[in-house]
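Chemist: Quick one: this structure, given as structure tokens, is what I'll be asking you about.
The values are calculated or read from the model by the stated rules, or taken from the named source; none is laboratory data. Not measured: the values here are computed from a predicted model. Cβ placement follows ideal geometry from the backbone for every residue including glycine, while neighbour counts extend to all protein chains displayed. Surface areas here come from the heavy atoms of the whole protein model, side chains and all, with no ligands, DNA or RNA. Shrake-Rupley method; radii C 1.70, N 1.55, O 1.52, S 1.80 Å.
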Amino acid sequence: MGVTKSDLFSTTQNELATYAKVFAHPARIAILQYLLRANTCCNTHLVEELGLAQATISQHLKELKNLGIIQGTVEGVSVNYCINPEKWQQIKDKFTLFFDSYDPNSFSSC
């Protein structure tokens, strides 16, 4: 498999691919679903909820945080995580535009 030449693609295409890659792991989906339900949590809650090792959870949280999907605040020795509402809306808008670009009525057959 060759190296991806991201400069051949638009900013939107690269952004959607990056978001899709982060969403492609089921542990990250489970973390996001938990955060959406709980609104906030710390790493130990996720370890208990998902049954994964703390190091594994931390790595997934790092990926989500690096992209800005989640944000964390330090409280004592722990970090509480929550969904970053602005980034969540931005990602939702980009995927909505992408999916809404398909009009099944405009194609007669494939």
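Chemist: So, with a 1.4 angstrom probe, what is the percent of accessible area on the chain that is carbon and sulfur?
Modeler: 56 percent
Chemist: Which Rg and Dmax, in Å, describe the Cα atoms of segment 23-83?
Modeler: For segment 23-83, the Cα radius of gyration and maximum Cα-Cα distance read 10.3, 32 Å.
Chemist: Counting other C-beta atoms within 10 Å, and keeping those with at most 16, which DSSP coil trypsin sites (Lys or Arg not before Pro) do you find in segment 1-104?
Modeler: Sparse-neighbourhood loop trypsin sites (Lys or Arg not before Pro): Lys5.
Chemist: Out of every Cα pair in the chain, what percent are spaced more than 18 Å from each other?
Modeler: That tail contains 57 percent of the Cα-Cα pairs.
Chemist: Taking H as built 1.01 Å from N, whose amide H comes closer than 5 Å to the amide H of Cys42, not counting residues under 5 places away?
Modeler: Tyr81
Chemist: Related question: List the residues of segment 11-30 whose backbone N lies under 12 Å from a point placed 7 Å from the Cα of Glu86 along the Cα-to-Cβ direction.
Modeler: Hits in segment 11-30 for Glu86 at 12 Å: none.
Chemist: Could you work out the Kirkwood radius for segment 46-110, taking every pair of different alpha carbons, averaging 1/r and inverting it, reported in Å?
Modeler: When all Cα pairs of segment 46-110 are included, the Kirkwood radius is 14.6 Å.
Chemist: Kindly provide the helix-only [θ] at 222 nm of the chain, computed as the sum of -39,500 (n - 2.57) over DSSP H runs of four or more divided by all residues, to the nearest 500 deg cm²/dmol?
Modeler: Computed ellipticity for the chain at 222 nm equals -18000 deg cm²/dmol.
Chemist: Using +1 on the beta carbon of Lys and Arg, -1 on that of Asp and Glu, and nothing else charged, what's the dipole of the chain about the Cα centre, debye to 20?
Modeler: Dipole size: approximately 160 debye.
Chemist: Right, another one. I want the local charge near Thr12. Using Cβ-Cβ distances under 12 Å, sum +1 for each Lys or Arg and -1 for each Asp or Glu among the other residues.
Modeler: -1
Chemist: Which is farthest toward the positive dipole end of the chain among Pro85, Ile29, Tyr102, measuring Cα position about the Cα centre, with Cβ charges +1 (Lys, Arg) and -1 (Asp, Glu)?
Modeler: Ile29
Chemist: Considering only protein heavy atoms, what is the solvent-accessible area of Ile29 at a probe of 1.4 Å, reported in Å² to the nearest 10?
Modeler: 60 Å²
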